[in-house]
Structure formats: structure tokens, C-alpha cells
Amino acid sequence: MNALSYTNPAAIVWTYCGWKPLNPKGPKLGFVRPSEGFIARPLSLKRAVAVGESLNLELQSSDVKLAVKEFEQTEGAAAIRTQDVENFLKEPESAAPFVSRSAAKKNKKLEDQNDFTRFNVRNGREVFEERAYLVGIVRNGNDAFFGIEESLHELSQLADTAGLNVVGSTYQKLGSPNPRTYIGSGKVGEVLAAIRALDVETVVFDDELSPGQLRNLERAFGREVRVCDRTALILDIFNQRAATREASLQVTLAQMEYQLPRLTRMWTHLERQAGGMVKGMGEKQIEVDKRILRDRIASLRKELESVRQHRRQYRDRRSSVPVPVVSLVGYTNAGKSTLLNRLSGADVLAEDRLFATLDPTTRRMELPDGKECLLTDTVGFIQKLPTQLVASFRATLEEIGDSSLLVHVVDISHPLAKQQTEAVKKVLAELDIQHIPMLTLWNKVDRTRDTDTIREEAGRTGDTICISALNGDGLQEFCFAVEQKLKDSMVWVEASVPYDKGELVSIIHRLGIVKQVEYSEEGTIIKAHVPLQLARQLTPMRQPCAL
Ligand SMILES: Nc1nc2c(ncn2[C@@H]2O[C@H](COP(=O)(O)OP(=O)(O)OP(=O)(O)O)[C@@H](O)[C@H]2O)c(=O)[nH]1
Ligand SMILES: [Mg+2]
């Protein structure tokens, strides 16, 4: 049958694919794929337009009147290339025979394998640069503080960090995400058209997808297209970046917990880099895999606990010399590591990518008055932080609770500086650390245009200092502020330190502000402002303070 005998573009598409009409005379055409006996329902009007557009077919309203109702199984339409259809429409008889979907994919895979230029080195690993397409939604009455464009922009930065090549993006306004496919079915068709037009290999969604949504979207886009969400992307980045045993255990655990309910071909990204591809897992296999996964999760938890125990002991030892700890917190890419490097001469990786730092790094830093403190760099925050990650990294984040001072680093040159600040505050609020004094740094002032206004605003906010970690602007002011804050948080003690504990006296001199020293028969009587932890150590030796 000649496809041109149909006026419905969808029908042309299906016939071209070699499908047979179910009822050639009826207005609502269904089609049967002969080899598989699969019955396709007609395309919706919207979908037909989308498919038609992707095929560059000119649609008349009379053409599409026939195309009604939802069409969910889209595999057939997806395989056709515009050029093929054009050739077919011009010369139906002599056009090249339709290349079956799997053969076309095989060819494409071979092409890919030869495409060595798409292997890039990221985080010391070879990553295949897949072509990615981003999809988000704007919820009506959205109370999120990130606009959709910004959220997608951030998603594209994440994709870039993960080693993907973003070729396009789209979004849809919805009351709430579609429970079956996250976006509406019409939009699914549109994305599918884009997948074909741009040769997309991975579609990344801006929110976490439910296991059902993931499955349905995978089905809609076909097996060769990887469907992935923001969470999977962040987990992927963390996996690539984890350097210490603890971080890599935490990430693996988070990944497995995410993977468990979604056990499909989701995690082929890394396997694909290794040259393999898990495909066509049978139901039974999935059940077996789920059990294996559960067992591994349990043993990982145990291992993680013992690693943490180790670190806790190390930390306890460290706190036996109670040097005040200043923790740098803030949104990812705010400049925390750059600041740490600048102030302590450390050599922590700082780069213009999200999540450069995963492991807390601590360095000694000298303050203007000669006192010292420990400066700790922490993992950056991000909006929509995956819950699995929050849980896994909780222990790392909780260490912030031991600090004497929190320094919130903000990239003030970022257009969304305010929203990022709020997102960080939200995570901090969940950590039960409100009692710790906080200093805010507006970093990257060298990149801002109206520096004076920003400085004025910082002045009004109080406890906010403008700096440039890059060129050193404002760092002296910052150091003085840290010194002042630490002093403010010190406790006044009067203690009689026995002579056999002479080392304590030198610690008090090193960390505290000593006001008076006297020598009695029992020991050194010392009056000083000292950090809280040191005051606790001195408790047995303390004397009642004179009022
Ligand atoms: N212009 C300018 N760039 C800066 C400044 N501070 C940091 N940067 C740049 O910002 C980027 C991110 O800096 P990092 O120090 O890696 O940021 P981070 O907060 O540690 O990021 P994560 O580890 O990902 O959380 C790097 O390219 C830095 O060179 C600054 O004061 N001015
Ligand atoms: Mg960093």
C-alpha cells in the first residue's frame, strides 16, 4: 500500500514503517506491526503535529483531523529520519528501503565506536561525551525560588561536570508533574522529536523521577536512549569525584539506595564507559539482582560505620588540642576551596565546575594576632539535593557542628546569589547548628559590576564581608573578623593548673587570650579567655571567678 493514499501524517509515518492499517476505512486508524502483532493506537493531534514537524511534513488541518486520542507507544515513529521520508515522498518506488530500527541503531553504534573524539578525560577518568537533552517543568503556583531557566542552567552545568554534552533543553508548565511520565504526553512526543532531530543519547530530567515515570519514559523514548534525572546525575558526579574511602562508600551507598526501586538499565552510563551494556534483564534476574543489592547495602552500611568510627577517634584525638575550627560552607562553586588555598597555602582542587570538593579538608591557619585556628572546606550545597545523598553525607555535614565558627561563602557575582544563599540556609537549618556563630562572605566581588552598591548592602546586612578569594581583596578584614568572632565565642576562665600539667599552660597561651598569670604553691593561676572546648578541659582546675 502506498503511504500517500493517506492524508493523515501519522498514518504516513506508520505505513512507512511497514505497519499495516487495522481498519483502512475507519476514521480512527490503528496500525499493526506485522512482525510483532503490536497494535498501535492513532496519534493525538498534538503528537501528530510534533511528529510531522520533526519529519518536516507540512500539515494541513484537514490532514490531521483524523489523528485523535493518545498514543503512548512511540517506538515506530521515532526511527524515521527526515531525509528518508522526504525521499520516500518524492519517489516512493525508488526510495531506499526502510532501515529497520535495530539495524539503524547498530550502524549508529558502530559510528559511535569510531568516534574517539567523544572520549574526554573528566576527574581523571575517561568519559564518553554523550549528547544530552534537558527537560524540566514549571509548576503552577511554584514556590521554589529557582526559576525554570536558572534551574535548567544549573542542570546543564551539572551535566557538563558529569561529562555530558548538552545539545538542547525544554520545559513545560504543569499544575503538578504527570504521575506517569513527569511531563504531559504531548511533551513526550516533542522530546522524542528532539531526540531524533538532535541525535540525543541521554535525556536528563530536572527533578527526581519515580521508578514508574522512569520506566514509562524509557519505554517512550526507546531502549537506546538513556533516561536520567537530576539525582542520578549528581550521584554520578559524586561517584566520579569521591577520593577517600569514606566518600566513595557514602556515594556507593546512596547510589544503591536510589537504584534499588528502579532496577532497570539506569546505571549503564558508567558501564557503557567500560564498553559493556546491560540489556534485556529478565524479571527473575531483576529479583536476584535486588536481593544482591540489598545484601550489599547492608554490608556497605557496616563498612561505612567502621570507617566513621576510625575518623571519630582521629577527631577526638585532634580535639584533645582544642584549636578552634572554622568551617567554610556554601553553595557549590562559591569559592570555598579557593579561599582555603589562599589562606592556608593548601592545594585543594578548585575549579569552575560544580562539586569540585567532596571530602572535608582541614588546614591550619594563622590569625593576625598570632593565634591559630583550623579551617575546614566542606562539600558544596545545591538546591534539590538528593535525599539519599543528604542521608549519606549527614555524618560529614554533622561535623560542622563541632566548629567554633561557620563561614558562609556566597558567590555574590552569581545572578542567583540570593536564592543560593537561601538554599544553603535551608540545609543548615536541618543540621541543628543554630548555636554556632556565623560570618557571611560575599566572594568574587572582583566580578561584580556595581561593587560599591554591593559593599553598601553588605554593610547594612551586618556580619557580611566582601572579598575576592582570587585576588585577595578583603581577606585581611575577613581574618580580623574571624579573630573577633572567635574571641566573642571564648569563655572567661580562672584556673589553677598544676605544675605537672605545664603543657596546658602553653596551650592556653597559644589558643586563648591570657590576662593574668600568677604562681602559687599548687600551680600556675591563670586568668584568660579560652575557646569553649579548652574551657571544658580545664573544668577540674577552675576556680570560682571573682565578680
Ligand atoms: N573571579 C573570581 N573567581 C573566583 C573567586 N573565588 C573562586 N573563584 C573561581 O570560582 C570557581 C570555583 O571555585 P572553588 O573554590 O572550586 O569553589 P568551591 O566552593 O570549593 O566549589 P565546590 O567544591 O564545587 O563546592 C573556580 O574557577 C575559582 O577560580 C573570586 O574571588 N573571584
Ligand atoms: Mg571546593
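The values are calculated or read from the model by the stated rules, or taken from the named source; none is laboratory data. Values in this document were obtained by computation on a predicted structure and should not be read as measured data. Please note: Cβ atoms are built from the backbone with ideal geometry, for glycine as well, and neighbour counts cover all protein chains shown.
When you go through (1) in contact (Cβ under 8 Å) with a residue 12 or more places away in the chain; (2) over 24 Å from VAL325 (Cβ atoms) one by one for PHE478, which number turns out not to apply?
(2)
Go through the range 198-239 and count every residue that is assigned to a helix (DSSP H, G or I) and either under 12 Å from the mean Cα position of the chain (by Cα) or among the acidic types (Asp, Glu) (or both). It would help to see each step written out before you state the result.
If we filter the range 198-239 for residues that are assigned to a helix (DSSP H, G or I), which is where we start, we get 198, 211-221, 230-239.
Narrowing the set further to residues that are either under 12 Å from the mean Cα position of the chain (by Cα) or among the acidic types (Asp, Glu) (or both) leaves 218, 230-239.
Selection size over the range 198-239: 11.
Can you name the number of the only condition in (1) part of a helix (DSSP H, G or I); (2) touching a Ser or Thr at 6+ places or on another chain (Cβ under 8 Å); (3) under 30 Å from SER337 (Cβ atoms) that GLN484 fails?
Single failed check for GLN484: (2).
Pull up the range 461-482, narrow it to residues that are modelled with pLDDT of 90 or more and surrounded by fewer than 16 Cβ atoms within 10 Å (Cβ to Cβ), then point me to the one that is farthest from ligand 2 (Cβ to nearest atom). Write out each step before concluding.
To start, the set of residues in the range 461-482 that are modelled with pLDDT of 90 or more comprises 464-482.
Next cut, surrounded by fewer than 16 Cβ atoms within 10 Å (Cβ to Cβ) only: 471-472, 476-477, 480.
Numbers: ASN471: 18, GLY472: 18, GLN476: 23, GLU477: 22, PHE480: 24 Å.
In this case the residue turns out to be PHE480.
Consider VAL348 carefully, then state whether it is near ligand 1 (Cβ under 9 Å from one of its atoms), outside any strand (DSSP E or B), over 16 Å from the mean Cα position of the chain (by Cα) and at pLDDT below 85. So that I can check it myself, show each step before the final result.
On the way: near ligand 1 (Cβ under 9 Å from one of its atoms): yes; outside any strand (DSSP E or B): yes; over 16 Å from the mean Cα position of the chain (by Cα): yes; at pLDDT below 85: yes.
It is true that VAL348 is near ligand 1 (Cβ under 9 Å from one of its atoms), outside any strand (DSSP E or B), over 16 Å from the mean Cα position of the chain (by Cα) and at pLDDT below 85.
For residues that are modelled with pLDDT under 80, assigned to a helix (DSSP H, G or I) and either of a type in the set (Phe, Trp, Tyr) or within 19 Å of ALA159 (Cβ to Cβ) (or both), tally how many sit in the range 241-266.
Result for the range 241-266: 1.
Take the range 397-412 and flag every residue that is surrounded by fewer than 19 Cβ atoms within 10 Å (Cβ to Cβ) and either within 13 Å of ligand 1 (Cβ to nearest atom) or at pLDDT 75 or above (or both).
GLY401, ASP402, listed by residue number.
Mind checking which strands (runs of 3 or more DSSP E) fall wholly inside the range 490-544 and carry at least 1 residues that are among the aromatic types (Phe, Trp, Tyr) and out of contact with any Cys (no Cβ under 9 Å at 6 or more places or on another chain)?
Values: elements: 491-498, 513-519, 523-530.
The qualifying strands (runs of 3 or more DSSP E) are 513-519.
For the range 322-345, which residues satisfy the criterion of being more than 7 Å from ligand 1 (Cβ to nearest atom), under 19 Å from LEU367 (Cα atoms) and not aliphatic (A, V, I, L, M)?
Within the range 322-345, PRO322, PRO324, SER327, ASN341, ARG342, SER344, GLY345 meet the criteria.
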